[in-house]
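What follows is one structure encoded as structure tokens, with my remarks underneath.
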Amino acid sequence: MAGRLAAEHDDVVFVGTPGGLEARLVPEAGVAFRGLAASGFDRARPWTLLTSSARIAASTVTAWRWMGRQRPDVVIGFGGYVSIPVGFAAALRRVPIVLHEQNSVPGMANKAISRWARGVAVTYQESAAAFAHPQRVVLTGNPVRDEVLTAERAQGRAAHGLPADALVLLVFGGSRGARHLNSELIGLREKLLAVPGLHVVHVAGRLEVDDVRAALAAAGGDGAGRWQVLDYVDDMGSLLAASDLVVARAGATSIAEITALGLPAVLVPYPHATDDHQTKNAAAMVANGAAEIVSDAQLGEERFGDVVLGLLSDADRRATMSDASRALGRPDAAARVVALAREVAAGGAHPITDRSTEDSVV
């Protein structure tokens, strides 16, 4: 989103936490970055509510002062704790606010700020009722990076050393990794490497990669180079485009990228996600035949292996799932959110009531 606006010659500043991944990735993308401290609290340690509240209050003052100098035309919030001080400051400065909610169950930050938002873009229609002003909600889909949308299969395979005629299984669980998913996948090593022509690309996460490599070696090795273990991938688009089947958690960004490229998937929702929102995120893909769902509790059962191996052996089923996945994708989501932000910045209708049926007001 920030990159798209910057490419359209808008003056964009991305606000994030100083220690977050965005502090590195945003400047690398050529977008100005401003760090702002914000964090949640641990319910098991009630006193952290005081420290987190004090931090957010201080950051609200910082953001308020900064907005007084910069006078932004619009603030676009994507949730997360840093959105709270930015949103409060924008409300105090009467800067127009647009929110985007990527998950099926809205987070605390977006729900709190929504009372002042002039427009709320959502990925899932059912999330509209959770906001303060449902009549201001617009269904846009979840923005996907341009480099994902333009990724090509042949180039992706060449970039990652994968044979052009290979059957490619991509497995990932997020930047930090997913220990349970990683370990159960290694448990399927013998069966997976028995699949003719199969290459596994296993993005284990930075915290898990050493343990996964050790476990793979102990289980018998990488099958003569047929099992790649990576810590993290910046260019996920090319890796997705190179793949025939994806096994992943059901985060909103992952689902948006998977459907934008029309890939069949086995989704394993993170069991500790707030309000089990990853299971709800996966529901549309499963209902439309684009994915199979395996609960985290089922990873240690035969079902996980049966589902993955069954899809790897059934090209026709994967093709059908791929068509269903592509039908759910919204490659124009970023353009829709940008259009909403421009309308709000220009003083557009409030509440928003002039959408076409396709853009549906929810």
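Evaluate the stretch 152-204: find the radius of gyration of its Cα atoms, find its Kirkwood radius, and give the ratio Rg to Rh. With Rg and the Kirkwood Rh in hand, the quotient comes to 1.01.
Where in the stretch 63-166 are there trypsin sites (Lys or Arg not before Pro) that are in a DSSP coil and have at most 11 other Cβ atoms within 10 angstrom of their Cβ?
Here the sparse-neighbourhood loop sites are Arg94.
Count Lys and Arg as plus one, Asp and Glu as minus one, and take only other residues whose Cβ is under 12 Å from that of Ala273; the net charge is then -1.
Out of every Cα-Cα pair that the chain contains, those further apart than 29 angstrom amount to 44 percent. Of the peptides 234-241, 260-267, 160-167, the order by per-residue mean of other Cβ atoms within 10 Å, starting with the highest, comes out as 260-267, 234-241, 160-167. Looking at the stretch 299-350, the pairs of alpha carbons with a distance over 19 Å make up 58% of the total.
To the nearest 20 Debye, how big is the dipole of the stretch 171-252 about its Cα centre, given +1 on the beta carbon of each Lys and Arg and -1 on that of each Asp and Glu?
Numbers: 8 positive and 10 negative charges, 34 e Å.
Roughly 160 debye, rounded to the nearest 20.
When the alpha-carbon atoms of the stretch 51-119 are used, the pair Rg, Dmax equals 11.5, 36 angstrom.
Please compute the net charge surrounding Ala241, taking Lys and Arg as +1 and Asp and Glu as -1 over other residues with Cβ under 9 Å from its Cβ. Intermediate results must be reported in sequence, preceding the final value.
Working: positive: Arg153, Arg157; negative: Glu152.
Net charge around Ala241: +1.
Considering only Gly220, Val195, Ser183, and ranking their Cα positions along the charge dipole of the stretch 128-230 that arises from unit charges at the beta-carbon of Lys, Arg, Asp and Glu, the one farthest toward the positive end is Ser183.
Per-residue packing, averaged as other Cβ atoms within 10 Å, sorts the ranges 297-308, 191-202, 78-89 into the order 78-89, 191-202, 297-308, beginning with the highest.
Express in whole angstrom the spacing between the alpha-carbon centres of the stretch 239-255 and the stretch 59-108. The stretch 239-255 and the stretch 59-108 have Cα centres spaced 30 Å from each other.
Take the Cα gyration tensor of the stretch 176-288, multiply each eigenvalue by 5, square-root it, and list the three semi-axes largest first, rounded to whole angstrom.
Details: eigenvalues 117, 54, 35 Å².
In descending order, the three semi-axes are 24, 16, 13 Å.
Sites listed here are GluC sites (Glu not before Pro) in the stretch 64-156 whose DSSP assignment is loop and whose Cβ has at most 15 other Cβ atoms within 10 Å: Glu152.
In Å, what Kirkwood hydrodynamic radius results for the stretch 212-362 from the alpha-carbon pair distances?
On the way: mean 1/r = 0.0561 Å⁻¹.
Value: 17.8 Å, from the Cα pair sum.
So for the stretch 239-319, what percent of the C-alpha to C-alpha distances run longer than 17 Å? So the pairs more than 17 Å apart make up 43 percent of the total in the stretch 239-319.
Using only Cα atoms, what is the ratio of the radius of gyration of the stretch 140-233 to 2.2 N^0.38 Å? Could you put the intermediate results ahead of the total?
Numbers: Rg = 14.2 Å, N = 94, 2.2 N^0.38 = 12.4 Å.
Cα Rg divided by the expected 2.2 N^0.38 Å: 1.15.
Computed about the Cα centre, the dipole magnitude for the chain is approximately 1480 debye when only Lys and Arg (+1) and Asp and Glu (-1) carry charge, each at its Cβ. Beta bridges per DSSP, both residues in the chain: antiparallel share near 5 percent.
Rule-based calculations on the coordinates, nothing more; no lab input. In this text the structure is predicted, and so the values were computed from the model without any measurement. Here the Cβ is made from the backbone with ideal geometry for all residues, glycine too, and neighbour counts use every protein chain on show.
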